[in-house]
Amino acid sequence: MKNTDSTKTVGSVAASIGKQYGIFIVLLVLMIFFSIASENFLDSHNLLNVARQVSMMGIAAVGFAFVLLLGGIDLSIGSLITLVNIATAWLMVNAGWNPVLAVLVALLLSASIGFFNGWIIANLQMPPIIVTLAMMIIIEGVAYLICGGLPIYGFAKSFAVIGQGYVGPIPIPVIIMAIVMGLGMFILRKTYFGRYFYAVGGNEEAAELSGINVKRVKYLVYTLSGFFAGVAGIVMLSRTNSGQVIAGKNFEFLVLTACVLGGVSVSGGSGKISNVLGGVLVLGVLSNGLVLLDVGDYVQKVIRGSVLLIAVALDCIQHRKKA
Amino acid sequence: MILQLKNITKRYPGVVALNNVSLDVAEGEVHALVGENGAGKSTLIKSCTGAVIPSEGTVSIQGQEFPALNPKLSEELGLAVIYQEFNLVDELSVAENIFLGRAIRKSGLMIDKKAMAEKAAEIFEQFDIDIDPNALVGSLTVGYQQLVEIAKAVSQNAQILIMDEPSAPLTAAEAESLYVMVEKLKAKGVTIIYISHRMEEIFRLSDRITVLRDGQKIETLNTSDTTLDDLVKLMVGRELKETYPARKDCISDEVLLEVENLSGNGVHDISLQIKKGEVLGLAGLIGAGRTELAELLFGVKQRTAGRVVLHGREIEPKLPRAAIDCGIALVPEDRKKQGALLEVDIKGNISMAILERISKFFTVNKKEEQRIAESYRKSMRIKTPDLEQKIKNLSGGNQQKAIIAKWLATEPTLVIFDEPTRGIDVGAKSEIYALVNELVESGKAVLMISSEMEEVMGMSDRIIVLQEGRISGELDRKDFDQETIMGFAAQG
């Protein structure tokens, strides 16, 4: 009897390690698999490429994780990326603005739209999924209106640095992602308002009664989500060198998958940025590896959807166990 | 023996929840299970249903041993549990709830609402309960919802009914219907395991009482041979000197809080004063407006008229934060819904209301946080291995202490307690009473809302009775009398 008990303890320790670092174990397994299946995978050039590819997802995922922590969701970030893409391109090319100014205005715009989402959700008590879905459609429409559906290109050379430049061997987008993720970790671990995200997501009423201004927390979180989506949009624009109306298409679902894979609960109140990075990398490695193995686009879609389904299922099972 | 537990031990990592507990439940008896929070009652029930598999020991139902019991199997064996949280669907009718998952069908997919309503009405008739089987469950009071839950168990031919603190959320009148139902079930030969903190009902209903303490069975007693004092002694393991500890006369002449003609949120024209060092009790029936008054004072809801003066300064908090900054604290009624952040650690719960104060450049000073939490852990004797435990892992009494610590950390001058000891054990109760004394002795004022008559009379210097949102009476300590208070609460 005692034996079974100690194995149970070992089992539960293993389970808690699995829960904390599971995503990195998955990442490791994937990497081992692809490095055996394809000789090009472990190439340092390829790995840096993966990092650069996922950087936009990683940047947007920080804000998205905040929203999920709060028990909400932000479906508008894909369209926001598109809008920032188009608006910045239009300001630089059609209005002839200085790139720095154009970028600042675009970031301000995306943060304001995020704030507006938060304001509606907090004050009209509407479900976040509906508010941000409506916003997603509106913003996409606005982006089409600005450019008439056509791509905008011909930027100043200096602008390309953000998306295509390097510091030593490291691509600049990766550095931006590292900074944003570091900021995200700092907010959640060290600041009082980061604690408020968990509190509001875990028990809104208790948070309010503890003197937390719940509305203000919602404004802040959705503003940050919009802002980080804006940053991701700028990086994407600089990398592709042309403003496209399909730039951020379905990006919200990619980011949602990454966050949930990284263990952020869709019901709010728990999650860590370090694991979100794990989720982002898993998606990146998966898509890169599949390309290297010549797996078609359509099959990739099926795989990505399945990954989202499985990740959410695991989250829900976790929750049921708790209850 | 209809239910027999033999040498049950349940270990969790680092904790022994049950230690070699044996329990025999005879057919047809009402067997009360008592003990402080954390004594192991919940784990014991879960072992009976198979929701928890004991580390050692065996469970027998109807004389048969079940090594691999699970909740579904135990239900099939006639064992039903009425939990504190009900398994009812608000949007369905009473009858549909009773037959949920076992709906009576006409043919194919059509359900026969009429037949179900008739069957439900039959069950209610057996127990003299007046509930409309077609009413929506969501429209019923908590007390009636519970009766529906019990009727559901009856309709499934439950032979053994386990009730986990069934009277805790009920008003006195609702509890009375519950007792009647328990007595009738017993008369029908149903075996009942009854968990409760309320001593009167245990003595009224039970045949035998088993006392658990710290995961161990202390004793099983015949109720008729036992006195209240003996029972409390066994539960706590020490003698409580007195339930309501004496305090120094510390009421000052200085008025701390003055409320004038306050209205809004369901209360009307409330005027009252609290002096420094005074405990003002707020009595009344459920729905009389006591919690609503507290919400107005604490800025949760907004007033429509009236004035509130604290420390000689007029205040009108629009949010709890503003009230906290004025020096008001509110220990809310519902510990799990309004008080605790269950997924957050104890330290984080204690510091939640003062995080901004102990932050610099948005960054929380973790050393300071640790120091403050640690000091309250010691002074309030919160039983926990460390402050990094999630608060949900604590027993009810310790959770409540941690939540009170959160409020004391804001250094309030007026502390409002709303049902401060609901659902917590005798030992933790007297610690909370002692704490209230300390608060007023140090010059703070306390407003105490309580539905427990003894508590409000035992702790208050003065009592104000509310009835339908208005003050219906006020008594000084020398005039305290249960009947007078009930008279004020119910008049009209």
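FYI, it's all coordinate maths here, none of it is from the lab. Note that the coordinates shown come from a computational prediction; the quantities given were computed from them, not determined experimentally. Note that we place each Cβ from the backbone using ideal geometry, even for glycine, and neighbour counts take in every protein chain shown.
Compute the Cα gyration tensor for segment B:374-414, then decide on rounded, prolate or oblate, letting a ≥ b ≥ c be the square roots of its eigenvalues: rounded whenever a/c is under 1.5, prolate when a/b is larger than b/c in the other cases, and oblate in all that remain. It comes out prolate by the Cα gyration axes. Neighbours of residue B:25, meaning other residues whose beta-carbon lies under 12 angstrom from its beta-carbon, give a summed charge of -3 when Lys and Arg score +1 and Asp and Glu score -1. Counting only other chain Cβ atoms within 10 Å of each residue's Cβ, the peptide B:319-326 averages 4. Packing-based ranking of B:422-429, A:55-62 yields A:55-62, B:422-429, ordered from highest to lowest mean Cβ neighbour count within 10 Å. In a reduced charge model with +1 at each Lys and Arg Cβ and -1 at each Asp and Glu Cβ, segment B:399-453 shows a dipole moment near 100 debye about its Cα centre. Shown here for segment B:1-67: GluC sites (Glu not before Pro) in loop regions (DSSP other than H, G, I, E, B) with at most 13 other Cβ atoms within 10 Å, namely B:27. Helical runs (DSSP H, four residues minimum) scored at -39500 (n - 2.57) apiece and divided by the length of chain B put the mean residue ellipticity at 222 nm at -9500 deg cm²/dmol. Panel order for B:162, B:195, by other beta carbons found within 10 Å of each beta carbon, from fewest to most: B:195, B:162. Binning the alpha carbon pair distances of segment A:232-293 at 5 angstrom intervals from zero yields the distribution 4, 16, 18, 20, 21, 13, 6, 1, expressed in whole percent.
Dipole magnitude for chain A: about 640 debye, using +1 per Lys or Arg Cβ and -1 per Asp or Glu Cβ, origin at the Cα centre. Rounded to the nearest 5, what is the percent of antiparallel bridges among the DSSP beta bridges in chain B? So the antiparallel bridges amount to about 55 percent of the total.
Across chain A, Cα-Cα distances exceeding 25 Å account for 53% of all pairs.
Quick note on segment A:185-323: its Rg to Rh ratio, both from C-alpha atoms and Rh being the Kirkwood radius, is 1.02. Relative to the Cα centre, the charge distribution of the protein assembly as shown, modelled as +1 at Lys and Arg Cβ and -1 at Asp and Glu Cβ, gives a dipole magnitude of about 3300 debye. In terms of its C-alpha gyration tensor, segment B:155-266 comes out oblate, because a/c is 1.5 or above while a/b does not outweigh b/c. For the protein assembly as shown, the square roots a ≥ b ≥ c of the C-alpha gyration tensor eigenvalues yield an a/c of 1.5 or more together with a/b exceeding b/c, which makes the shape prolate. For segment B:306-423, the residue among B:408, B:423, B:385 whose Cα projects farthest onto the positive side of the dipole built from Cβ charges is B:385. Among the GluC sites (Glu not before Pro) in segment B:204-290, those placed in a DSSP loop whose Cβ has at most 11 other Cβ atoms within 10 Å are B:239, B:242. In segment A:178-286, a dipole from Cβ-located charges (positive for Lys and Arg, negative for Asp and Glu) runs towards its positive end, and of A:221, A:231, A:179 it is A:179 whose Cα lies farthest in that direction. For the peptide B:351-363, the mean number of other protein chain Cβ atoms found within 10 angstrom of a residue's Cβ is 4. Just report the Cα centroid separation between segment B:290-351 and segment A:160-189, whole Å. Centre-to-centre (Cα) distance: 43 Å. Sorting A:83, A:308, B:297 from the fewest to the most surrounding beta carbons within 10 angstrom yields A:308, B:297, A:83. Binning the C-alpha pair distances of segment A:61-197 at 10 Å intervals from 0 yields a P(r) profile of 11, 33, 35, 19, 2 %, listed from the shortest bin outward.
Given B:6/B:184; B:72/B:152; B:275/B:401; A:272/A:301; A:272/B:378, which pairs have Cα atoms separated by over 20 Å? From B:6/B:184; B:72/B:152; B:275/B:401; A:272/A:301; A:272/B:378, over 20 Å: B:6/B:184; B:275/B:401; A:272/A:301; A:272/B:378. With no solvent and one equal point scatterer per Cα, compute the Debye intensity ratio I(q)/I(0) for segment B:84-238 at 0.19 Å⁻¹ and report its log10, rounded to two decimals. Relative scattering, expressed as log10 I(q)/I(0), comes to -1.15. Take every pair of alpha-carbon atoms less than 8 Å apart whose residues are at least six positions apart; their mean separation over the length of segment A:189-270 yields a relative contact order of 40 percent. Segment B:189-267 and segment A:237-289 have Cα centres separated by 54 Å. Once C-alpha pairs closer than 8 Å and six or more residues apart are averaged by separation and normalised to the residue number of segment B:332-477, the relative contact order reads 21 percent. When you restrict to C-alpha pairs under 8 Å that are six or more residues apart and normalise by the size of chain B, the relative contact order lands at 15 percent. With a 10 Å cut-off around each Cβ of B:341-348, the average count of Cβ atoms from other chains is 5. An ellipsoid equivalent to segment B:1-105, defined through the eigenvalues of its Cα gyration tensor, has semi-axes of 28, 17, 14 Å when rounded to whole angstrom and sorted largest first.
Mind checking which of B:224, B:189, B:252 is farthest towards the positive end of segment B:138-260's charge dipole, using Cβ charges of +1 (Lys, Arg) and -1 (Asp, Glu) about the Cα centre? Farthest towards the positive pole: B:189. Relative to one another, the C-alpha centroids of segment A:43-63 and segment B:72-149 are positioned 55 Å apart. Within chain B, the percentage of alpha carbon pairs spaced more than 34 angstrom apart rounds to 43%.
A simple rule links phi to the HN-Hα coupling: the Karplus curve 6.51 cos²θ - 1.76 cosθ + 1.60 with θ = phi - 60°, which for segment B:319-325 gives 9, x, 3, 5, 5, 4, 5 Hz, with x for Gly and Pro. Excluding same-chain neighbours fewer than eight residues apart, the lysines reachable from residue B:318 by a Cα-Cα span under 17 Å are A:215, B:301. Loop-located GluC sites (Glu not before Pro) in segment B:374-461 (DSSP state other than H, G, I, E, B) with a sparse environment of at most 16 neighbouring Cβ atoms within 10 Å: B:388, B:452. Calculated [222 nm] ellipticity per residue, helices only, for chain A: -26000 deg cm²/dmol; basis is -39500 (n - 2.57) per DSSP H run with n ≥ 4, divided by all residues, nearest 500. Divide the volume of the convex hull around the Cα atoms of segment B:340-467 by the residue count and you get 124 Å³ per residue. As a proxy for reagent exposure, B:249, B:128 were ordered by neighbouring Cβ count within 10 angstrom, fewest first; the result is B:249, B:128.
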